[in-house]
1. Sketch the reach of a paramagnetic label on residue A:65 as a point 7 Å from Cα along Cα-to-Cβ, and name the residues of the stretch B:6-21 whose backbone nitrogen lies under 17 Å away.
2. Work through the residues other than residue A:67 whose Cβ is under 15 Å from its Cβ and net out their charges, Lys, Arg +1 and Asp, Glu -1.
3. Using a ≥ b ≥ c from the Cα gyration tensor of chain B (square roots of the eigenvalues), is it rounded, prolate or oblate, where a/c under 1.5 gives rounded and otherwise the larger of a/b and b/c decides, a/b for prolate?
4. Using the basic label-point model (7 angstrom from Cα toward the beta carbon), what is the residue B:107 to residue B:55 distance in nanometres?
5. Give me the extension gain from residue B:67 to residue B:140: residue separation times 0.36 nm, minus the current Cα-Cα distance, reported in nm with one decimal.
6. Please compute the modelled spin-label separation between residue B:132 and residue A:88, points set 7 Å along Cα→Cβ, answer in nm with one decimal.
7. In whole Å, how far is the Cα centre of the stretch A:1-35 from that of the stretch A:41-100?
8. Between beta-carbons, use under 14 Å as the cut-off and find the net charge around residue B:49, counting Lys and Arg +1, Asp and Glu -1.
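All of the numbers you see were taken from the coordinates with simple rules; none came from a lab. Model, not experiment: these values are computed from the prediction. Cβ sites come from the backbone with ideal geometry, for glycine too, and all protein chains shown count toward neighbours.
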Amino acid sequence: MVPISYYLILSGILFACGVTGFLIKRNIITIFMSIELMLNGVNLSFVAFAAEWKALSGQVFVFFVMVVAAAEAAVGLAVIIAVYRTRETLNVDQVNLLKL
Amino acid sequence: MLHLILFLGFGAVCVAGAVNLLMQRHPINSALSLVVVMGSLAAEYLLLGAEFVAAVQVIVYAGAVMVLFVFVIMLLNAGEEEETKGSRVAVIFGIPGTLVGSLLIAWVLLEHSGTRSVAVGALPGPPKTIGWLLFHDYLLPFEVTSVLVLIAIMGAVVLAAPPESPRREN
């Protein structure tokens, strides 16, 4: 028997790691991976609450989050490819102007 | 007891992978640690009795999304990231801020969420029941998501397509 709060703490730690990566990383691909980490942390809390309240709809929402994350990954990586093609860098500090 | 040991083991692997993602400087190492995080999260879902979510996690996240990431890293030949002034400022303010934030979350959860426990497989989530929910109660969101995925595919193709070259005249 594991208290539900342990699962929530694990999901909070994962979310915090994602936020930290988002702040300290300078490679645009790694920043994107940090966002995926945050989404995973939120998914874990969804499933934990679904188990606590015996409501299966929590798991359905996890499914929707995953689908939206997959779509986001496809579009985001296409944007990264477009950025790299015009700037020839992946460092976000050098991508600070809208103008080329 | 076994449940707690399994939870702590996979949770430790999960957190170690997440911290390793932050420590590594090369994106490919970060991507591989993210695969570790997602795999152990799938095990945590199994402990909670969510078999369907665990399977989808492995197939969609650890499979499809991470292949896409590794593919893009290889395609762009991404190397080690270089330190900049902005990244040092972010490290100085970001890490203590996140530590304080996560400690606050942990304290609030431990104080206020009670000590209700879940047994292994307390909530059986068979794919049949999930499918029933998905195609009856949540039919409209499901259809809207399919339209979203279609738009995302077209957007990705348009964005990643090479810029139009002037057509050669014959």
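1. Within reach of a label on residue A:65, which here means backbone N under 17 Å from a point 7 Å along Cα→Cβ, the stretch B:6-21 contributes B:11, B:14-15, B:18.
2. -3
3. Taking the square roots of the gyration eigenvalues as a ≥ b ≥ c, chain B is oblate.
4. Simple spin-label model gives 4.4 nm for this pair.
5. Result: 23.3 nm gained on full extension.
6. Rounded to a tenth, the inter-label distance reads 6.1 nm.
7. Taking the Cα centre of the stretch A:41-100 as reference, the centre of the stretch A:1-35 is 13 Å away.
8. Numbers: positive: A:54; negative: A:52, B:44, B:51.
Here the charged neighbours net out to -2.
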